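Before any comments, here is the structure.
The values are calculated or read from the model by the stated rules, or taken from the named source; none is laboratory data. Here the structure is a predicted model, which is why all the values come from computation and not from measurement. Using ideal geometry, Cβ is built from the backbone for each residue, glycine included, and neighbour counts are taken over all protein chains shown. Only protein heavy atoms, including side chains, enter the accessible area calculation; ligands, DNA and RNA are left aside. Shrake-Rupley method; radii C 1.70, N 1.55, O 1.52, S 1.80 Å.
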Amino acid sequence: MNTRLAEIIEDSSRIVFFGGAGVSTESGIPDFRGAEGLYSLVPEEIISHSYFFAHTDRFFEFYKSKLCYPDALPNPAHIAIAGLEAAGKLTAVITQNIDGLHQAAGSKTVYELHGSVHRNTCLACGRKYGLDYILASDGVPHCSCGGLIKPDVVLYGEQLDGGVINASVRAISHCDTLIVGGTSLAVYPAAGLINYFCGKHLVLINKTPTAADGMADLVIRDPIGEMLGGIGT
């Protein structure tokens, strides 16, 4: 583990972790914008609000095969972050991911900016469904009432949940250390959340440079699982 990172964590009592796709790549879930990311294979339009309603069958064909990873397991980064919360060091996780791996690792206070594949809602009656139901459905999933089921994920053209945004802003503005990991900070409005940080330590862990590198106390280019997985060792 990075010695300076260990010192910062030791000096902190209200850590917030803000993560992106790079946190889950070590669990076998591909990112979107990397050299081998999903957007190198398909246009962004396929996960847009308009595409969902205009080409629902093709949306779900892509969604089930490329965005849902029911067998993925938390990696050392997820586990270490949950451990910091259990130890009373970390107050919240803010994630751009939709895979639910932070909760699977044991994190309790998780703000999912882009929703979750594990929550799905009938657009007709509001009944809730889990991921298993979606994956087991033949083609487009429908409710027992006949209504179309939509994943509770934020598609392009949709707004982020105001309650989640407000909770994230509160968490960041009250923390003493903000650890940003696995995100290029290129997607707004999520990336703009770090502007609310006014604490002591800003740490960036990402394989490639970000626009916020110059603001950070510590910038790490090593794999995030390797860095955070060393907490306590």
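Some values worked out for this structure:
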read-out: Mean separation of Cα contacts under 8 Å (6+ apart) over length of segment 165-205, as relative contact order %; value: 55 percent
read-out: 20 °C / 1.002 mPa s Stokes-Einstein diffusion coefficient of the chain, Kirkwood radius on C-alpha pairs, µm²/s; value: 117 µm²/s
read-out: 222 nm mean residue ellipticity, helices alone, for the chain (DSSP H n ≥ 4; -39,500 (n - 2.57); rounded to 500); value: -7000 deg cm²/dmol
read-out: Highest-first arrangement of 91-99, 72-80, where packing means the average Cβ count within 10 Å; value: 91-99, 72-80
read-out: Heavy-atom SASA rank of Glu45, Glu26 (probe 1.4 Å, accessible area, largest first); value: Glu45, Glu26
read-out: Principal-axis tilt of helix 76-86 within the chain, Cα atoms, nearest 10 degrees; value: 70 degrees
read-out: Helix axis angle, 162-174 relative to the chain longest principal axis, alpha carbon, degrees; value: 10 degrees
read-out: Inter-probe distance in nm under a simple model that places probes 7 Å from Cα toward Cβ, at Cys145 and Tyr133; value: 1.1 nm
read-out: Pair Arg4, Asp57: separation of 7 Å Cα→Cβ label points (nm); value: 5.6 nm
read-out: Rounded accessible area per residue of the chain, 1.4 Å, Å²; value: 46 Å²
read-out: Set Lys108/Lys200; Lys89/Lys150; Lys66/Lys128 screened for pairs whose C-alpha atoms are more than 30 Å apart; value: Lys89/Lys150
read-out: Table column - 3J(HN,Hα) (Hz), segment 153-158, Karplus curve with 6.51, -1.76, 1.60, x for Gly and Pro; value: 10, 7, 8, 4, x, 10
read-out: Summed side-chain charge close to Lys64 - residues other than Lys64 whose Cβ falls under 15 Å, Lys, Arg +1, Asp, Glu -1; value: -3
read-out: Extension reserve of the Ser65-Glu158 stretch, reckoned as 0.36 nm per residue once the Cα distance is removed; value: 31.3 nm
read-out: Span from the segment 66-121 Cα centroid across to the segment 160-209 one, whole angstrom; value: 15 Å
read-out: Phi to ³J(HN,Hα) by Karplus 6.51 cos²θ - 1.76 cosθ + 1.60 over segment 105-112, Hz, x for Gly, Pro; value: 7, x, 5, 9, 9, 10, 9, 9
read-out: Long-range amide H partners of Ile220 with built H, under 5 Å; value: Leu204, Ile205, Asn206
